[in-house]
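Okay, so here's the structure we're looking at.
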Amino acid sequence: MKFDRPPPGEELNVTGEETVPRQAATVIVLRGGADALEVLLVKRTPHARFMGGVWVFPGGAVDAHEGEGDAAHRIAAVRELQEEAGIVLADPGALVKFSRWITPAEVVVRFDTHFFLAPMPDGQEATIDGDEIVDQGWFTPADALAAHERGEIYLVFPTIKHLEQLGAFANADALLDFARGRDVGPVQPRVVTEGETARLLLPGEPGYDG
């Protein structure tokens, strides 16, 4: 993926001193059961300094009082989901870990983000605060990517790559079955600058190691 300027809050590091990533957690909320697969995306306020106007999965940084390790990520994921989308998950332990992404070392603001899956609880609806989060919507992965291509919503690299992965599954149940018990390792993209533009590369892609 090429870009001529980074997304809001993702400025490239020109000092050469690598930022230590902050721990974070995100929830990919699913609906559709055995019949379909839709995911919840929320739109951050355009006034935010970090990722302003971007459509994302609900999530955010782990607070210090939430502890460390997997338990802290799960607690933070549940808290952020309630704050950003008004969805209450009763059991953080029921979250299904899906992936772990670390912001490229070449970027100033960095996160070590653990992505979890969760079915939409029965009887609940997504509710935004209209302040930090200004819009929300349910999308099939393909529809979200198509809306981004048309310029109707703005997605960033990690969200795009996750949607591409999710689109391989016929329904939410199949996705959850795949993710349960799966070993999750870290993925750390690289930013490679080429003149006035930059490329984001994933491990294994040509140029990543060089």
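Exactly one residue out of LEU41, LEU12 is surrounded by 13 or more Cβ atoms within 10 Å (Cβ to Cβ), over 17 Å from ILE133 (Cα atoms) and either modelled with pLDDT under 95 or not polar (S, T, N, Q) (or both), and it is LEU12. The residues in the stretch 60-69 that are within 24 Å of VAL42 (Cα to Cα) and not in a loop (DSSP other than H, G, I, E, B) can be counted, and the count is 3. Scanning the stretch 74-90 for residues that are open to solvent by 10 Å² or more (accessible area, probe 1.4 Å) and assigned to a helix (DSSP H, G or I) yields ARG74, ILE75, VAL78, ARG79, GLU80, GLN82, GLU83.
Among helices (runs of 4 or more DSSP H) entirely within the stretch 91-210, having at least 1 residues that are modelled with pLDDT of 95 or more, open to solvent by less than 60 Å² (accessible area, probe 1.4 Å) and under 28 Å from GLU18 (Cα atoms) singles out 157-166.
Does VAL78 fit the bill of being touching a strand residue (DSSP E or B) at 6+ places or on another chain (Cβ under 8 Å) and in contact (Cβ under 8 Å) with a residue 60 or more places away in the chain? In short, no. Note on the stretch 46-60: among residues that are open to solvent by less than 20 Å² (accessible area, probe 1.4 Å) and over 12 Å from the mean Cα position of the chain (by Cα), the one that is modelled with the highest pLDDT is GLY53.
Checked against (1) over 23 Å from THR140 (Cα atoms); (2) among the small types (Gly, Ala, Ser); (3) open to solvent by less than 20 Å² (accessible area, probe 1.4 Å), GLY67 passes all but condition (3). Restricting to the stretch 17-36, give me the number of residues that are in contact (Cβ under 8 Å) with a residue 40 or more places away in the chain and open to solvent by 10 Å² or more (accessible area, probe 1.4 Å). So the answer is 13.
The values are calculated or read from the model by the stated rules, or taken from the named source; none is laboratory data. Source: prediction; values computed, not measured. Note that we place each Cβ from the backbone using ideal geometry, even for glycine, and neighbour counts take in every protein chain shown. Keep in mind that these areas ignore ligands, DNA and RNA; they rest on the heavy atoms of the full protein, side chains included. Shrake-Rupley method; radii C 1.70, N 1.55, O 1.52, S 1.80 Å.
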